[in-house]
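J.: Got a structure for you, written out below as structure tokens; questions coming shortly.
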Amino acid sequence: MIKIAPSILASDFSRMGEEIKKVERAGADLIHIDVMDGHFVPNITIGPPVIKSLRPVTGLNFDVHLMIENAGEYIDSFIDAGADLISVHVECNYHLNRVIQKIRQKGKKAAVALNPATPLSAVEWVLSDVDMVLLMSVNPGFGGQNYIESVTEKIKDLRSMIKAKKLDIDIEVDGGIDLNNIRRVTEAGANVIVAGTTIFNAVNTAEIIKELRENAHQG
Ligand code: DX5
Ligand code: ZN
């Protein structure tokens with residue numbers, strides 16, 4: 001089953017609660033929230049207080065993508081704010097295993113995220129400890145960028161690696177996903193699809209989510 005996760009980075013920030021309700025009504029499976037610190041990535045977005053204020057507006061799970069340094073120090077704050085699934089980047093966490101343990105000890109789902117140029121070997125020894133791997137298909141920091149084609153091969157390799165280890169892990173792909181490339185990424189093995197611009201720029205939200213699902217390859 002393919003899950004569609006609208007990224008609220010592309011929503012109208014002055015009406016974020018309504019934007020979340022809109023995608024929920026339109027059939028979204030989870031809400032992707034991009035947290036940026038101006039250090040790991042060249043942009044600053046939102047943090048725990050905003051997430052906490054959004055928590056009551058929807059029953060959907062919050063998929064919190066942390067593009068921040070020292071993520072381990074902030075795990076409690078994000079969980080208290082209402083995160084259900086937390087992704088941390090391998091590039092900026094020295095003690096990746098410890099951060100994953102911290103998330104799971106609090107009963108939440110843990111994921112590791114990789115930039116487009118980061119090799120899969122970086123997550124090989126944490127695969128059995130995570131619920132999901134997030135593969136960035138743009139360089140993190142901004143919405144509305146083009147999908148980096150080499151990531152399709154990377155998704156395939158990761159799916160093989162997961163199968164070889166007899167694990168059951170979601171692969172999320174994030175960045176530049178549209179009605180055309182969703183087929184390729186899902187065929188390659190991704191099953192959680194982030195889409196910001198494609199969903200929030202569409203005139204009819206329910207229609208675009210339905211079309212994304214129709215165009216996706218259902219494993
Ligand atoms: C980029 C973010 C993505 C981004 C996706 O750093 O992690 O979630 O908002 O947006 P689109 O779908 O517009 O590329
Ligand atoms: Zn993201």
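Nothing in this text is a laboratory measurement; each read-out follows from the coordinates by a stated rule. Owing to the predicted nature of the structure, the values given are computational and were not obtained by experimental measurement. Using ideal geometry, Cβ is built from the backbone for each residue, glycine included, and neighbour counts are taken over all protein chains shown.
J.: Could you order peptides 84-92, 150-158 by the average number of other Cβ atoms within 10 Å of their residues, highest first? Walk me through the numbers on the way to the answer.
T.: Numbers: 84-92: 22.1, 150-158: 17.8.
Highest-to-lowest ranking by the protection proxy: 84-92, 150-158.
J.: Let me ask something else about it. Quick one: check the C-alpha center-to-center distance for segment 24-95 versus segment 123-166, whole angstrom.
T.: The distance from the Cα centre of segment 24-95 to that of segment 123-166 comes to 18 Å.
J.: A further question on this structure: Quick one: net charge of I177's neighbours, Cβ under 11 Å, K/R +1, D/E -1?
T.: -1
J.: Summing Lys, Arg as +1 and Asp, Glu as -1, what charge do residues with Cβ under 15 Å from the Cβ of F78 carry, F78 excluded?
T.: Taking every Cβ under 15 Å from that of F78, the sum is -1.
J.: Once R0 is set to 22 Å, what does the formula 1/(1 + (r/R0)^6) return for the Cβ-Cβ distance between S128 and D84, expressed as a FRET efficiency to the nearest 0.05?
T.: It comes out at approximately 0.60.
J.: So what is the relative contact order for segment 3-217, in percent, with contacts set as C-alpha pairs under 8 Å and at least six apart?
T.: RCO, segment 3-217: 20 percent.
J.: Grab the Cα-Cα distance for D178 and A206, subtract it from 0.36 nm times how many residues apart they are, and report the gain in nm with one decimal.
T.: Between D178 and A206, full extension yields an extra 8.6 nm.
J.: Looking at this model, which pairs from K22/K106; K21/K102; K21/K210; K21/K52 are more than 26 angstrom apart at the alpha-carbon? The partial results should precede the final answer.
T.: Working: K22/K106 30 Å; K21/K102 30 Å; K21/K210 17 Å; K21/K52 15 Å.
Violating the 26 Å Cα-Cα cut-off are K22/K106; K21/K102.
J.: Between Q218 and S160, what FRET efficiency comes out of the Förster formula 1/(1 + (r/R0)^6) with R0 = 22 Å and r the beta carbon distance, rounded to 0.05?
T.: 0.65
J.: I'd like the antiparallel share, as a percent to the nearest 5, of DSSP beta bridges with both residues in segment 3-217. Each step should come with its number before you reach the end.
T.: On the way: 1 of 34 bridges.
Restricted to segment 3-217, the bridges split so that about 5 percent are antiparallel.
J.: A follow-up question, please. I'm checking a number: the convex hull volume of the Cα atoms of segment 47-146, normalised per residue, in Å³. What is it?
T.: 107 Å³
J.: Lys and Arg at +1, Asp and Glu at -1: add these up for the other residues within a Cβ distance under 9 Å of A5 and post the number.
T.: Result for the local shell: -3.
J.: Now, a different point. Bin width 5 Å, alpha-carbon pairs only: give the P(r) of segment 3-217 as whole percents, running from 0 to the bin holding the largest distance.
T.: 1, 7, 17, 20, 22, 17, 11, 4, 0, 0
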